[in-house]
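Below: one structure, written as structure tokens.
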Amino acid sequence: MTLAECKVGEKVKIESLHMNHNQQRRFMEMGILPGTEIEIVRMAPLKDPISVRVRGFQISFRKKEAEQITISH
Amino acid sequence: MSTFALAGNPNSGKTSLFNLLTGSRQRVGNWPGVTVEKVIGQLKGDMKYTIVDLPGLYSLAPISIDEQIASRYMIEEKLDGIINIVDASNLERNLYFTIQLLEYGKPLFMALNMMDVAKEKGLHIDLKQLEERLGVKISSTVARKGIGKEDIIHKLKNEIPSNAFRINYGEAMESLITELEEILEQSSMKVHYSSRWFAIQFLEGNLVIEEAAKQSGIYEALNKVKERVEKDQQLNASQVIQNIRYQWISSLLKEVVQREQIETAQTLTDKIDRIVTNKWLGIPIFLAVMYFIFQITFTWIGNPLLDLVDGFIGGTLSGWVEAGLIVINSPDWMISLAVDGIVGGVGGVLVFVPNILVLFLLLSFLEDTGYMTRVAFIMDKFMSKMGLNGKSIIPMVIGFGCNIPGIMGSRTIEDPNERLTTILMNPFMSCSARMPVYALFAGVFFANNQGLIVFSLYFLGIVMAILLAFILKLTKFKQSESVFIMELPEYRLPVFKNLLLHTWDKGKGFIRKAGTIIFSMAVLIWFLSNFSFQGMVDINHSFLAALGSFIAPIFKPLGFGDWQASVALLTGFLAKEVVVSTMMVIYGTGESVTGLSQMIQGSFSALSAYAYMVFVLLYVPCLATVAAIKKETASWKWTFFSIGYSIGIAWLMAFIIYQVGKLFI
Ligand SMILES: Nc1nc2c(ncn2[C@@H]2O[C@H](COP(=O)(O)OP(=O)(O)O)[C@@H](O)[C@H]2O)c(=O)[nH]1
């Protein structure tokens, strides 16, 4: 299951990231890496991007990237 | 002389700390990476210490342009030490960057900032133990309130010990790192940082390090080793490094931080976000906010102030100057130069200082609260359809104040195509220098709907900007690997003093411009409008009239073909305010904007006045903006494209408006 399929308010655990090298590095620098707990906080009015809470702060990124992040509950 | 770099994550309070230490009126903002320029200051009261403020960074391996600037500086410059500012309320991610800095091996000490926020969140940090584990000295600070300043200065002035920080990345990685170090040491490449750090950064894919390796011809050798080990061991080196760092941090934090269970009711930030990013309300609120900014700037506060200043300059001041010159028996031409040329030309622009200060104040307020990142968030989807990025919104809104910081602010956009588009769009954002022109014409011809008319111009500018983005997307930048990843910081109430200082800094620039470029233009225009080869003549036979009449036919189809209007557009290329001061001088209107208003009523109709404003809105903003475009795009081709395109579109739009409008009126 990917992060893009989760609902607002859900708390999930990241399993793996599948994006290009630079992007993946940036996500991981921001603290989004396998094993991290992450909460989907909200969606932008046009349903994209989404905003998540991770390690106590909020990050937003697009659905496209969320589709490349697999998660488990 | 010692030089220290101030480095930390975006929004850790870097700018606040910099201001505190140097006493400089540096920009303080909530937009991640607001410090786009390299800013240098001297330690307050001790010029021997130089502090360099760098753009906020999440890591030393850069992606966007402003990160590249910062990383390059850190890596290439020989620094005496690093002040690492860390957000105590957000330790986990901040320490990730700290680890990279520690591995770099320069003397480092830490300013643990936002201690007040950490306390509110119920975090108890054992400073002694943190110092021991990291091997650095730590000052705890609340930069916003000025707490911790003495301690930092004290630490700066004493020897900062070098640290021997080291994380064990596991057997496989460690032997890989050693192998890379050996390649480096056997090569001719000389580095002023540790070779271990070089090896680790290479594995992480740090652009700047890869470049350096290529230059010394060891890139191939390094890469071969890296690929071999990654293949043999079935691992991704950069991922392993990042994982181990975060593991290391979480085990550290378990020891050092005690978290009090505080009732985590909805935070204020959550409550505000619920409204301003709401599905239905989000976008209307943004539009309403922009509308109020213009209402306040023009109608509620700006214009009443403007009338006051205009009354003073046009009436009282020019009266004094004239009376004074008569008393000392000045010749008529001298009086004309001083009153019509200088007081008129410069004063015609200075009267807009109140409007401009109000606008800057409001824009700074929005930026400092953190609201602008929410705007990027809610607008990203729409912007991405235009080949842009949600982050493009911030430079656009800043462009309303002045295009130059808007263009420079585009550096935070990672994708080169999106960044270029954002730069090229910016001249269409109606900057405050265009305000004098609107205020003059709208005030005369659309007195009852002034706000609406001016709003329509801003709106037209935005539409034209988006159109340009769209054209570029369809023609040039077909496939773009766009990314959008952005932190949404917590809302903070801006410090009023900082807002005022920042507003004053910007306003000062405007006033300085009035004193220099606009002053000289006013004198030059006065000369050109009073002289010809025959000496001093009537204005209709002057140099200026000849020049104006020569280019006037170009503007005839747009409805403003008299030479005065044409000349004003020409001089307006230097700075758009000059359009008004040129008119003040050539219409010789008794030095007040009110006088000028009566004159232009004879030369324009409401329709041609609107077409004129549209032209002023869209054509080349000013010389300084063109220079900024050249600097940021590093391309003459795009610079000339921008000039040509904006003149073309200005002519076309004014033409359409005038010709179509004529059919209805
Ligand atoms: N509560 C609190 N706020 C702070 C502190 N330091 C800075 N701020 C605020 O945090 C925001 C971001 O600070 P700034 O200096 O612009 O951070 P930068 O993005 O790292 O340059 C501003 O609104 C500051 O007033 C602090 O120690 N405590």
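FYI, it's all coordinate maths here, none of it is from the lab. These numbers come from a predicted model, not from an experiment. Note: ideal-geometry Cβ built from the backbone for every residue, glycine included; neighbour counts use all protein chains shown.
Quick check: from the Cα gyration tensor, does chain B come out rounded (a/c under 1.5), prolate or oblate?
It comes out prolate by the Cα gyration axes.
Would you work out which of A:Ile71, A:Ile50, A:Asn20 lies farthest towards the positive end of the dipole of region A:3-72? Charges go on Cβ: Lys and Arg +1, Asp and Glu -1.
My answer, from the dipole projection, is A:Ile50.
Just from its helices, what would the mean residue ellipticity at 222 nm be for chain B, if runs of 4 or more DSSP H residues each count -39500 (n - 2.57) and the sum is divided by every residue, rounded to the nearest 500 deg cm²/dmol?
Details: 33 runs with 405 residues, N = 665.
The helix contribution divided over chain B gives -19000 deg cm²/dmol.
Can you work out ³J(HN,Hα) from phi for every residue in region B:311-325, in order, using Karplus 6.51 cos²θ - 1.76 cosθ + 1.60 and θ = phi - 60°, giving whole Hz and x for Gly and Pro?
Taking θ as phi minus 60°, the curve returns x, 5, 5, x, x, 4, 5, 5, x, 4, 4, 4, 4, x, 5 Hz for region B:311-325.
Tilt of helix B:416-425 relative to the longest C-alpha principal axis of chain B, in degrees (0 to 90, nearest 10)?
The angle comes out at about 20 degrees.
B:Tyr619: net charge of surrounding residues, Cβ under 12 Å, Lys/Arg +1, Asp/Glu -1, itself excluded?
+2
Is there a pair in B:Lys385/B:Lys662; B:Lys279/B:Lys576; B:Lys121/B:Lys155 whose C-alpha atoms are over 31 Å apart, and which pairs would that be?
B:Lys385/B:Lys662; B:Lys279/B:Lys576
What net charge is computed for the residues neighbouring B:Ile466, neighbours being all others with C-beta under 12 Å from the C-beta of B:Ile466, Lys and Arg scored +1, Asp and Glu -1?
Values: positive: B:Lys385, B:Lys473; negative: none.
Residues close to B:Ile466 contribute a combined charge of +2.
Cβ under 13 Å from A:Met1's Cβ, A:Met1 left aside: what net charge do those residues give with Lys, Arg +1 and Asp, Glu -1? Write out the running numbers ahead of the final one.
Values: positive: A:Lys7, A:Lys13; negative: A:Glu5, A:Glu10, A:Glu15, A:Glu67.
Within the 13 Å Cβ shell, the charges total -2.
Sort B:Val327, B:Val626, A:Val52 so that the residue with the fewest other Cβ atoms within 10 Å of its own Cβ comes first and the one with the most comes last. Working shown, then result.
Details: B:Val327 8, B:Val626 19, A:Val52 25.
By the 10 Å Cβ count, ascending, the order reads B:Val327, B:Val626, A:Val52.
Over region B:2-158, what is the percentage of antiparallel beta bridges among all DSSP beta bridges, to the nearest 5?
The answer is about 20 percent antiparallel.
Take every DSSP beta bridge with both residues inside chain B and express the antiparallel ones as a percent of the total, to the nearest 5.
Counting DSSP beta bridges with both partners in chain B, the antiparallel share is about 35 percent.
Could you give the distance between the Cα centres of region B:307-364 and region A:3-54, to the whole Å?
Between the Cα centre of region B:307-364 and that of region A:3-54, the gap is 58 Å.
As a footprinting exposure proxy, order A:Thr70, B:Thr178 by other Cβ within 10 Å, with the fewest listed first.
Fewest-to-most Cβ neighbours within 10 Å comes out as B:Thr178, A:Thr70.
With respect to the cross-link table entries A:Lys63/B:Lys497; A:Lys64/B:Lys231; B:Lys476/B:Lys631; B:Lys14/B:Lys128; B:Lys226/B:Lys630; B:Lys14/B:Lys381, which display a Cα-Cα separation exceeding 32 Å? Don't skip to the answer; put the middle values down first.
Numbers: A:Lys63/B:Lys497 40 Å; A:Lys64/B:Lys231 29 Å; B:Lys476/B:Lys631 21 Å; B:Lys14/B:Lys128 23 Å; B:Lys226/B:Lys630 39 Å; B:Lys14/B:Lys381 30 Å.
Violating the 32 Å limit, Cα to Cα: A:Lys63/B:Lys497; B:Lys226/B:Lys630.
Exposure proxy check: B:Trp638, B:Trp563 ranked by fewest other beta carbons within 10 Å? Could the numbers behind the result be given before it?
Working: B:Trp638 17, B:Trp563 21.
If I rank by nearby Cβ atoms, fewest first, I get B:Trp638, B:Trp563.
For helix B:237-256, what angle does its Cα long axis make with the longest principal axis of chain B, in degrees from 0 to 90 and rounded to 10?
Orientation of helix B:237-256: about 80 degrees from the principal axis.
Quick one: grab the alpha carbon gyration tensor of chain A, order the square roots of its eigenvalues as a ≥ b ≥ c, and give me rounded if a/c is under 1.5, else prolate or oblate depending on whether a/b is larger than b/c.
Working: a/c = 1.36, a/b = 1.23, b/c = 1.11.
It comes out rounded by the Cα gyration axes.
Compute the distance from the alpha-carbon center of region B:433-481 to that of region B:32-108, in whole Å.
About 38 Å separates the Cα centre of region B:433-481 from the one of region B:32-108.
Relative to the longest principal axis of chain B, what angle (0 to 90°, nearest 10) does the C-alpha long axis of helix B:91-104 take?
80 degrees
Restricting to DSSP H runs of at least four residues, report the calculated mean residue ellipticity at 222 nm for chain A, -39500 (n - 2.57) per run over all residues, nearest 500 deg cm²/dmol.
-4500 deg cm²/dmol
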